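Data first, discussion second: the structure below is written as structure tokens.
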Amino acid sequence: MRNLLISTLVLSAVASTSLAVLPKEFVLAENTKDSSLLVSIYRNLFKKKEPPIKPRNGGSRPTGPVCMISPDVPSVYRKVWSDRPLFLWQGYVSTIAVRHQGSNINSWIHPASHTQNITYTGEPLQPGQVYQWVVNGGQFIPFQVMEKQERDRISSELQNIEKQLQSTGANTEAIALAKANYFAEKNLWSDVLQQVYSVPEPSAELTTFRQDIVHNLCKPVIANQVSGN
């Protein structure tokens, strides 16, 4: 079953350059035979009654409210595979930090006033541990790094995906999207977004996709903050 999933991801990634984009939203024609990985991820995010990613109000600064996108706040801790996760938000943030759950001492802090996303660069986070992502020294979101056994198994499968795609001549973006779709199949949404944002020179389609993610996920959060709800 795992080999079938990996093979499907590889084949889909090779075909993913045929993505169709319309203004403001990604649309896949109903009669399109081979759906791209990017559209598959988009549909998983926004074509369901309840989007699987639930951003949090990160408080307000003089320049406007903050929408904390990833890691997010489902009903339980967001589980992440990466021990160096991506932090993604919309709005003004002066600093972000990481600390152990239950501690007031930051184990890592980084200036953030000139960006809207940062990949953690501290010591690798430990399997099974719960951490807090803190913005502006106040609002935080807890998340948990998955246990070592599960993490190692996923790491092995990701290596197989990458190796097979490299043998077909797939580019960096196609490999990242295959991994993102793999994570989406497992509902590991923080890791989905990390792969989406890992491509150093994204295509126009991927750039638009990133913008749509932020806009569509944060629109209701920002609206609630502005209205005071």
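No lab work stands behind these numbers, since they all come straight from the coordinates. Worth saying up front: this structure is predicted, and the values here are computed from it rather than measured. Neighbour counts are summed over all protein chains in view; Cβ atoms, including those assigned to glycine, are modelled from backbone coordinates with ideal geometry.
Computed extension gain for GLU201 through ASP83, at 0.36 nm per residue and net of the alpha carbon distance, reaches 40.1 nm.
If the segment from GLU162 to GLU150 were pulled out straight at 0.36 nm per residue, it would be longer than the present Cα-Cα gap by 2.5 nm. Peptides 90-103, 187-200 ranked from most to least packed give 187-200, 90-103, packing being the mean of other C-beta atoms within 10 angstrom over each peptide's residues. The simple spin-label model puts a point 7 Å past each Cα toward its Cβ; for VAL130 and ASN187 those points are separated by 1.8 nm.
Give the peptides 67-73, 134-140 in descending order of average Cβ contacts within 10 Å, highest first.
Working: 67-73: 24.3, 134-140: 17.7.
Those peptides, ordered most packed to least, come out 67-73, 134-140.
With 28 Å as the limit on Cα-Cα distance, the pairs of LYS47/LYS163; LYS148/LYS179; LYS47/LYS186; LYS54/LYS179; LYS163/LYS219 that go past it are LYS47/LYS163; LYS163/LYS219. Packing, as the average of other Cβ atoms within 10 Å across residues, places the peptides 162-170, 174-182, 141-149, 77-85 in the order 174-182, 77-85, 141-149, 162-170, highest first.
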